[in-house]
Every structure is written in structure tokens, then in C-alpha cells.
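Before any comments, here is the structure.
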Amino acid sequence: MPGLGDCRLQALDYHYQVEGGKYSRRPVDYPMETVNPLIIRDFSRCILCGRCVQACNEIQVNQPISFGYRGKESKIVAAGDMPLKESDCVFCGECVQVCPLGALVEKKSRYHWRPWNTEVIRTSCPYCGVGCQLNLHVKDQRIVKVIGVEDGAPNNGRLCVKGRFGYDFIYSDKRLTAPLIKENGQFRKATWDEALKLVADKFRQIIAEDGPDAVAGVSCARSINEDSHQMQKLFRAVFKTNNIDHCART
């Protein structure tokens with residue numbers, strides 16, 4: 001992208017030694033859209049290649065964007081030429097990934113990411129059990145951009161809004177760094193052994209007093225399939241109860 005150092009059209013210009021100035025520049029009729037929290041739309045850089053429309057409509061099948069107007073007035077529109085945040089866009093970011101220019105830019109990586117100054121680390125998305133493959137672009141030990149691995153199953157480059165943009169929580173100063181035990185209305189830090197022993201003792205006490213159906217478990221949607229399987233085995237085989245469910249919220 002121009003300004004980010006990753007523009008395919010710019011690279012081809014350099015390769016074929018294309019010189020500008022042969023045709024006069026047409027003034028841009030549409031201002032840059034920055035009102036949504038995740039994606040910047042710069043219509044001055046759009047060449048109407050249609051890759052974003054195809055990715056949205058045929059790959060992700062969300063269908064909030066399309067070609068609008070005709071002739072020199074043509075542009076990519078959302079919901080009858082409304083801002084993305086007022087359309088049916090789910091902000092999966094697939095359009096950004098396929099854009100060969102800087103017409104679509106991620107707000108979070110703008111001014112922070114350059115393709116040559118980050119380390120690329122492949123990993124699995126932590127948000128659900130599907131196992132989408134990610135390329136994390138890391139700079140100074142912090143994630144600055146996430147891209148779907150286009151040749152990696154099962155997502156083949158596709159991501160949801162959480163997988164592509166939901167990594168800020170990693171660096172939150174509100175994250176717990178140690179187990180907490182509540183005593184006299186106040187939380188205190190504890191070791192893992194102490195916390196696990198307390199939980200195990202409470203389970204034993206409840207089951208002994210009220211039976212196994214007095215306990216229940218909810219598996220988090222961020223858990224991988226194997227962890228969810230182990231949790232249901234714990235409750236059914238060890239605790240002897242079928243009170244196990246799955247929470248879709250993350």
C-alpha cells in the first residue's frame with residue numbers, strides 16, 4: 001500500500017519503469033472514509049479492480065459492498081453509498097487483505113507496520129475451535145498486523161473480525177497475571193497449586209453433599225476442540241453428570 005510499502009501496483013510501476021505525467025490527474029470526487037473503527041477507505045487510491053467486491057460477495061459472502069454509479073463517477077459503495085459502519089459489513093477485513101493498493105487500510109496497523117520491519121509468525125487463531133491460520137506481524141515484541149494464511153487450511157486466508165483485529169487484549173494492563181482467591185470480600189494473589197486445590201476441594205464438597213448434578217460446566221468458545229472434549233469427559237466420566245454446555249460468547 002502506498003505509505004505502507006506494500007503496493008503491488010507501485011512495485012509493477014518500478015519493475016516496468018512506468019513514468020507518470022502523460023495524462024492529467026483527475027480531481028478526487030470522494031473524501032477518505034475514516035468514521036469506522038477498523039478500516040480506512042481512500043477512494044483516491046482505488047482503481048476499481050473489483051477484488052474487494054469479489055472477496056466480500058463470493059468468498060466471505062457478506063455482500064455489503066458493490067460497484068456504484070457509472071463512468072467517471074464510479075466507486076465502490078456500501079449500502080447505497082453509506083459509510084461501512086452503517087452497512088451490513090461485519091469488518092472481517094477480507095477486502096483489506098485482497099486490496100492491491102492503499103485504498104483499504106487497517107487503522108490499527110497504519111503508521112506502525114511496514115512489510116520489511118516486522119517478524120512474521122504463523123499460528124492458529126485463539127478465538128474458537130476452527131483453527132484458522134494466522135500470520136502475525138510482530139514488531140518490538142508486539143503484534144501490529146494480522147493476515148490470514150492464504151495457503152493454510154481451514155480458512156485459506158479468510159478471517160472473521162475477531163481473528164483479524166481482536167488482538168489488543170493481549171497487552172491490556174487489566175489482564176490477570178496470577179490466580180486470585182477471595183477472602184473476607186477481598187481478592188488476594190495465590191499460586192496455581194493453591195488455587196487448583198481450592199477448586200478441587202470445593203467440587204468434592206459440593207458433590208458429596210448434593211450429588212453430581214449440583215455442579216455444571218460451561219466450555220468457552222475460545223477453547224480448542226480438544227480442550228472442550230476433555231472438559232466434557234471430566235464432567236461426564238469423573239463428576240458423573242451431563243451438566244455441560246458451550247458458551248458462544250467470547
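The values are calculated or read from the model by the stated rules, or taken from the named source; none is laboratory data. Being a predicted model, the structure only gives us computed values, none of them experimental. Backbone-built Cβ (ideal geometry, glycine too); neighbour counts: all protein chains shown.
Before moving on, here are some points about what is shown:
- Taking the listed residues ASP227, ASP245, the one that is assigned to a strand (DSSP E or B) and within 33 Å of the chain's Cα centre (by Cα) is ASP245, with no other qualifying.
- Taking every residue in region 194-219 that is within 16 Å of GLN232 (Cβ to Cβ) and pairing it with any residue that is exposed (fewer than 15 other Cβ atoms within 10 Å of the Cβ) and not hydrophobic (A, V, I, L, M, F, W, C), at least 6 positions away or on another chain, the pairs with Cβ-Cβ distances below 6 Å are PRO212/LYS240; ALA216/ASN243; VAL218/ASP245; SER219/HIS246.
- Residue within region 92-114 that is surrounded by fewer than 13 Cβ atoms within 10 Å (Cβ to Cβ) and not aromatic (Phe, Trp, Tyr) present: no
- In region 175-184, residue modelled with the highest pLDDT [restricted to those that are in a loop (DSSP other than H, G, I, E, B) and closer than 18 Å to LYS202 by Cα]: PRO179
- Filter result (closer than 20 Å to ASP88 by Cα, without any contact (Cβ under 8 Å) to a residue 60 or more places away in the chain and part of a loop (DSSP other than H, G, I, E, B)) within region 37-78: GLY50, VAL61, ASN62, GLN63, PRO64, TYR69
- Search result, residues across region 125-154 that are closer than 19 Å to ASN62 by Cα, over 10 Å from the mean Cα position of the chain (by Cα) and surrounded by 19 or more Cβ atoms within 10 Å (Cβ to Cβ): CYS132
A quick yes/no check of all residues on (1) touching a Lys or Arg at 6+ places or on another chain (Cβ under 8 Å); (2) among the polar types (S, T, N, Q); (3) in the same structural domain as THR123 (by TED's automatic domain parsing):
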residue: LYS145; (1), (2), (3): yes, no, yes
residue: ASP151; (1), (2), (3): no, no, yes
residue: CYS160; (1), (2), (3): no, no, yes
residue: SER223; (1), (2), (3): no, yes, no
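- Among residues of region 119-148 that are without any contact (Cβ under 8 Å) to a residue 24 or more places away in the chain and farther than 24 Å from CYS220 by Cβ, those with a beta-carbon under 9 Å from a residue that is small (Gly, Ala, Ser) and in a loop (DSSP other than H, G, I, E, B) at least six positions away or on a different chain give the pairs ASN135/GLY152.
- None of ASP29, ASP81 is assigned to a loop (DSSP other than H, G, I, E, B) and under 22 Å from LEU9 (Cβ atoms) except ASP29.
- Here GLN97 meets the list (1) in contact (Cβ under 8 Å) with a residue 12 or more places away in the chain; (2) in a loop (DSSP other than H, G, I, E, B); (3) within 23 Å of ASN135 (Cβ to Cβ) almost entirely, failing just condition (2).
- Extreme residue, surrounded by the fewest Cβ atoms within 10 Å (Cβ to Cβ), among residues of region 162-180 that are touching a Phe, Trp or Tyr at 6+ places or on another chain (Cβ under 7 Å) and more than 30 Å from ASN36 (Cβ to Cβ): LEU180
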